[in-house]
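Shown next, in structure tokens, is the structure this report addresses.
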Amino acid sequence: MNSDWYKDRVFYQIWPRSFKDGNGDGIGDLYGVYEKLDYLKELGIGGIWFSPFYPSPNADYGYDISDYYSISPEYGDLEIFKKVLDRAHSLDIKVILDLVINHTSDEHEWFRQSRDKDSPFRDFYFWRKGKKPGKAPNNWSSFFSKGAWTLDPKTMEHYLHLHHVKQVDLNMDNPAVREEVKKIMRFWLDMGVDGFREDVITYISKPKTLPDDVFFQAVKGLRFYDCGPRIHEYLQEFRTDVLDKYDCFTVGEAPMITPEKALTFVSGPHPDLNMVFGFRHMEADCLLKEYIPLPFNLRKLKRAFTHWQKALNGRAWNALYLENHDHPRVLSRYGSEKYHDESGKMLAVSYMLQKGTPFVFQGQELGMTNFALKDISQYKDCVAHNVYARAAKILPEKLVMSVIQRATRDNCRSPLQWSGAANAGFSEAEPWFPVNKNYPSINAEDEDRDSDSVLNFYRKVIAFRTQSDIVRNGDYKELMPMHPHLYVYERRWQGQTLLVICSFTEKACRFRFPKGFDPSKAQPVLCNYKNAPQADGRTLLTRPYEALVYKFY
Ligand code: NOJ
């Protein structure tokens, strides 16, 4: 964890099941990834993050792992993975894997054995007696099911699962569990992978007594297991015993974390992690979660962006993203399907020119959008089913379905749109999940040919940011923070300045060049329209969802 290579690259997240089917069974796999590595190189990608591809019963599509040391036969085997890894490295693309160690599948061998009270694996998990017969050991709720505890009738004890009932929380206080985690890390690092994205890593240390949640804290998302008592100790142990011995890097998923708290993980001489993924900027059109929708509020988005940029500047490194496998498509949320190309491109500029390492989620570079399915049975996301099971009892079906259609993670998990051919060129067989019907107009093959496409714009922005010292190193300052439709920031580095102007509306907005920015000296370096606009004196009028980047010397 010593060198800084991760600061100079743009990462691409592959959710393997929907990326590309290479063996004709309707499910994306590593054979498909192998075929498409050149596409990623051409996009300018310098690193891949693989969402889990390990054996899994798929209660949560791979985030419920039953074997940490191999590849699910649905996705290939270790041989094809090594081929992907070698080829990626020969293209100078780093590869990081998802490390899911807060929980295992209930079908993992450790958990099977732990069901027996006398097993050495009993203490790998949290097995507890209920407070009273018929009552759970504490009042914790689960993200994906009703309660966080399930009773095993064999021993009449409950096990803890903060997520799905088939995702059982590991007891990290047990040194044997930590040794297993280190073994898993070494196995993949020795094979040559370059690091890990660490799933819900801030949840891995639970307080010994597992105290009840306090209602008013819990509704705000404050939980005792979030950044629990021994979290730093464990992450330091992983770093010292394993990660320090490799030239690798880590990015931790940290739900609800503030930048100030994040600094306790990512700053200082021997930080626990290299970067964390914060969530605040994903709440600009909802209350905490997409399932509680609100109108899009640009000021909220800007506040989140700027808070992270300012707090980490000079002290730590930001992880930048607008999409991943847990959120609906950003173009449908913060952009506009009506202004598809303009807003898709503008969104790329809005986050990728900030300070940090950008991540692009598969299909984001094409401007893929949300799409609605009619019936709950068509959805695969366990969260959608959990919400439906609970809400449809008390609310009108139509309302519940409309919220699910907008919020479900399945929006971003449809097969990647490679071409206008059958099944969007994703597979020759019927895909495991429906393709978005707009694939005849939004797909990689056509966008590759069209020099004005969202895809070609992403290539441009990535090339620009990868070669720019100002983008890598410059200080960030937001201008016009109260403007309801324009997001404007500057980046300054060694006497050079970039001015980034992003319009989040179809309305024309008058933009006035601030003091110190002489429009006659502005050199346009990126614009999502064919020509950059002419400034009229000190002002200009923005076009729908316009993105403009000027350089000043
Ligand atoms: C966060 C992952 O990103 C999400 O997809 C998963 O469902 C939960 N962690 C549980 O592993």
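Candidates in segment 137-173 are the residues that are open to solvent by 40 Å² or more (accessible area, probe 1.4 Å) and assigned to a loop (DSSP other than H, G, I, E, B); of these, the one that is farthest from the ligand (Cβ to nearest atom) is 156.
Look at (1) part of a helix (DSSP H, G or I); (2) open to solvent by 50 Å² or more (accessible area, probe 1.4 Å); (3) within 26 Å of residue 319 (Cα to Cα) and you find that residue 234 fails only one, number (2).
Restricting attention to segment 239-253, the residues that are buried (at least 20 other Cβ atoms within 10 Å of the Cβ) and either polar (S, T, N, Q) or more than 16 Å from the ligand (Cβ to nearest atom) (or both) total 4. Only one of the numbered conditions (1) part of a loop (DSSP other than H, G, I, E, B); (2) open to solvent by 40 Å² or more (accessible area, probe 1.4 Å); (3) more than 16 Å from the ligand (Cβ to nearest atom); (4) hydrophobic (A, V, I, L, M, F, W, C) is not met by residue 256, and that is (3).
Of all residues assigned to segment 89-102, none qualifies as being on the phi < 0 side of the Ramachandran plot, in contact with a Ser or Thr (Cβ under 6 Å, 6 or more places away or on another chain) and of a type in the set (Val, Ile, Thr). Scanning segment 471-500 for residues that are surrounded by fewer than 20 Cβ atoms within 10 Å (Cβ to Cβ) and assigned to a helix (DSSP H, G or I) yields 472, 473.
Within segment 26-39, being under 21 Å from residue 78 (Cβ atoms) and open to solvent by less than 70 Å² (accessible area, probe 1.4 Å) holds for 27, 28, 29, 30, 32, 33, 36, 37. From the list 216, 187, the lone residue that is in a helix (DSSP H, G or I) and either more than 22 Å from residue 289 (Cβ to Cβ) or among the acidic types (Asp, Glu) (or both) is 187.
Checking each residue in segment 259-288 for being outside any helix (DSSP H, G or I), within 16 Å of the ligand (Cβ to nearest atom) and open to solvent by less than 50 Å² (accessible area, probe 1.4 Å) picks out 273, 275, 276, 277, 278, 279. Counting only residues that are more than 17 Å from residue 30 (Cα to Cα) and either surrounded by fewer than 17 Cβ atoms within 10 Å (Cβ to Cβ) or away from the ligand (no atom under 16 Å from the Cβ) (or both), segment 91-124 holds 16 of them. Residue 544: touching a residue at least 60 places away in the same chain (Cβ under 8 Å) and not hydrophobic (A, V, I, L, M, F, W, C), yes or no? Considered against the rule, which asks whether it is touching a residue at least 60 places away in the same chain (Cβ under 8 Å) and not hydrophobic (A, V, I, L, M, F, W, C), residue 544 comes out as yes.
The values are calculated or read from the model by the stated rules, or taken from the named source; none is laboratory data. Computed from a predicted model, the values in this text were never measured in an experiment. As a convention, Cβ positions derive from the backbone with ideal geometry for all residues, glycine included, and neighbour counts pool all protein chains shown. Areas reflect the complete protein model, heavy atoms only, side chains present, ligands, DNA and RNA absent. Shrake-Rupley method; radii C 1.70, N 1.55, O 1.52, S 1.80 Å.
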